[in-house]
Amino acid sequence: MGEFNTVGLEDIIDAFSRREAATVEAVPKMLKAGADVLIEAQRAEAQAMGLNETGGFINSIKATDVKGDDTEKYVEIYPRGRAKHGNDRKGDKSKVRYATIGFVAEYGTSSHAARPYMTVANEKAHEKVVEAQRSIWESETGE
């Protein structure tokens, strides 16, 4: 019967374990750093497209906490909360969601042209988001 011996395999296993631990620590920080950059970009683009008529809409663009499980982590960035007004045109006095205002602005209606603040901001900020996340990765893992 043959015999199989390895030398140095323990070092490789240790290196992979250290990298996994660094990844678990780094990914939430990377997501938060990228979200901060994207939030500012979306707010600036919304301001540039004139979406400040409702007052609080621009400040309502925020990120959620890091969500997910052991295999997937993510954050969501969208307008959160409710405006201080309803849809007066329809006689609705309930407070309209900022997410609804953002959706209508992004895609438009039959009577209002689309003002795709989110799409434009996401495209413009892509490289900055990646760079912010990369810098966190490099500082956390030493790579």
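Assorted remarks:
- Top-ranked residue of region 50-72 - restricted to ones that are over 19 Å from the mean Cα position of the chain (by Cα) and touching a residue at least 12 places away in the same chain (Cβ under 8 Å), ranked as nearest to Ala26 (Cα to Cα): Gly56
- If you check Val130, Val66, Val96 for being of a type in the set (A, V, I, L, M, F, W, C), closer than 30 Å to Phe16 by Cβ and touching a strand residue (DSSP E or B) at 6+ places or on another chain (Cβ under 9 Å), only one passes: Val66.
- Thr71 passes every criterion in (1) open to solvent by less than 80 Å² (accessible area, probe 1.4 Å); (2) outside any helix (DSSP H, G or I) apart from (1).
- Among the numbered conditions (1) farther than 13 Å from Ala99 by Cα; (2) assigned to a loop (DSSP other than H, G, I, E, B), the only one that Gln42 does not meet is (2).
- Counted residues, region 105-118 - those being open to solvent by less than 60 Å² (accessible area, probe 1.4 Å) and under 18 Å from Ser60 (Cβ atoms): 5
The values are calculated or read from the model by the stated rules, or taken from the named source; none is laboratory data. What you are looking at is a predicted structure, and each value in this text was computed from that prediction instead of being measured. FYI the Cβ positions are ideal-geometry reconstructions off the backbone, even for glycines, and counts take in every protein chain you see. Keep in mind that these areas ignore ligands, DNA and RNA; they rest on the heavy atoms of the full protein, side chains included. Shrake-Rupley method; radii C 1.70, N 1.55, O 1.52, S 1.80 Å.
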